[in-house]
Amino acid sequence: MTDIPSTLGLTGEQVEHVLATAGRAPSLHNAQPWLFRLRPEVIELHADPDRRLPVVDPDDREQRIACGAALFTLRLALHGHGIRPIVTLLPDPTRPDLIATVRHGGTRPATPEQQRLLRAVPLRRTNRHPFTDAAVTQQEQHALRRAALDEGAWLHVVDGAGDLARVQRLAALAHRQQVDDPAFTAELRSWTGTAPERRDGVPASAGGPQPAPQDRWVMRDFGAGSAPDRVPGKDFEHDPLIAVLTSHLSGRRAEVQVGQALQRVLLAATAEGLSTSFLSQIVEVPGPRDQLRMLIGATRPPQVVLRIGRGYPVVATPRLPVEDRILTEPSRQT
């Protein structure tokens, strides 16, 4: 194992813990598209160009969202060690893969809320299985909206049977357009239904059953039909809570910011005992994405669509070793 250098006054063992915590963030197809460069006074967070998904994410929008989620979790882990992080987003326009720099901003104990979210990090899962029909309470919805607001984003809850039906149709339309593209299906197969020994991608065991034809909600097939229990699902909830995360601004910085908000929402949901999964296809296909923006009355395009409810325990997806996510070549000062 490579020795992990100290940084921000943390020992190598503490740095390893911080980076492992950051690496628990969600990412498209569990690609884990982030890298860290460590110097004595700064942690750099980079997007990994080798983990791009050029078909489904040609503009790297979802990669930047994933890196934003990792950045929030990195911040949270530093708070857990009593460090107040100072973050600079996209500090160098000549290096577009440099997402953020994080410096030591003084010592401060973690707040009870930060501790609560930090405890939720190892418990968070993307749950692609059916949820129960038990409703998400108004109090829980308020907590999720507050989590988004605290990171400069907005969480729109889709209300009413008519609007839910329209979102369902947009999901089905986007799904059909994607699976009709051979390049998309080839890229999907390369990252899903993966072997148990692989440390990235989505294994078949985490894919969940596919909905039966009568079910309303189309779920992306992450298992490539390879898991022994992959039978048509008959118990998918009819009216899940659907929430849409949007940013107040647009562009690369907004995408990183909404990634931080996404992770805060997901951890808040986990702390509330809720399960979450993604309806990513709606925001990956331009037509449905524009229609969803008009449906929720947003001034900016939607960034993430979440399905939220009460689920049963599911397995965690694998993670790459921390030492494989550390850049070792020299870096210019920022």
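Within the stretch 144-165, can you find the residues that are open to solvent by 30 Å² or more (accessible area, probe 1.4 Å) and in a helix (DSSP H, G or I)?
Of everything in the stretch 144-165, those that are open to solvent by 30 Å² or more (accessible area, probe 1.4 Å) and in a helix (DSSP H, G or I) turn out to be Arg145, Arg146, Leu149, Asp150, Ala161, Gly162, Asp163.
Those residues that are under 20 Å from the mean Cα position of the chain (by Cα) and modelled with pLDDT under 95, I need them from the stretch 136-170; list them, please.
Result: no residue meets the conditions.
Report, ordered by the first and then the second residue, all pairs with beta carbons closer than 7 Å, sequence separation of six or more or different chains, a first member in the stretch 1-28 that is among the basic types (Lys, Arg), and a second member that is open to solvent by 50 Å² or more (accessible area, probe 1.4 Å).
What qualifies is Arg24/Pro122.
Would the stretch 31-54 turn up any residue that is in a helix (DSSP H, G or I), of a type in the set (A, V, I, L, M) and in contact with a Ser or Thr (Cβ under 7 Å, 6 or more places away or on another chain)?
No: the stretch 31-54 contains no residue that is in a helix (DSSP H, G or I), of a type in the set (A, V, I, L, M) and in contact with a Ser or Thr (Cβ under 7 Å, 6 or more places away or on another chain).
Give the stretch 102-143 a look and list any residue that's part of a loop (DSSP other than H, G, I, E, B) and without any contact (Cβ under 8 Å) to a residue 12 or more places away in the chain, or say none.
Thr137 - this is the single residue of the stretch 102-143 that is part of a loop (DSSP other than H, G, I, E, B) and without any contact (Cβ under 8 Å) to a residue 12 or more places away in the chain.
Which of the residues belonging to the stretch 72-104 are open to solvent by 40 Å² or more (accessible area, probe 1.4 Å), closer than 22 Å to Arg24 by Cβ and touching a Pro at 6+ places or on another chain (Cβ under 9 Å)?
Listed by number, the residues that qualify are Arg75, Asp97.
The values are calculated or read from the model by the stated rules, or taken from the named source; none is laboratory data. These figures come from a predicted structure and were not determined experimentally. Note that each Cβ is placed from the backbone with ideal geometry, even for glycine, and that neighbours are counted across all protein chains shown. Surface areas here come from the heavy atoms of the whole protein model, side chains and all, with no ligands, DNA or RNA. Shrake-Rupley method; radii C 1.70, N 1.55, O 1.52, S 1.80 Å.
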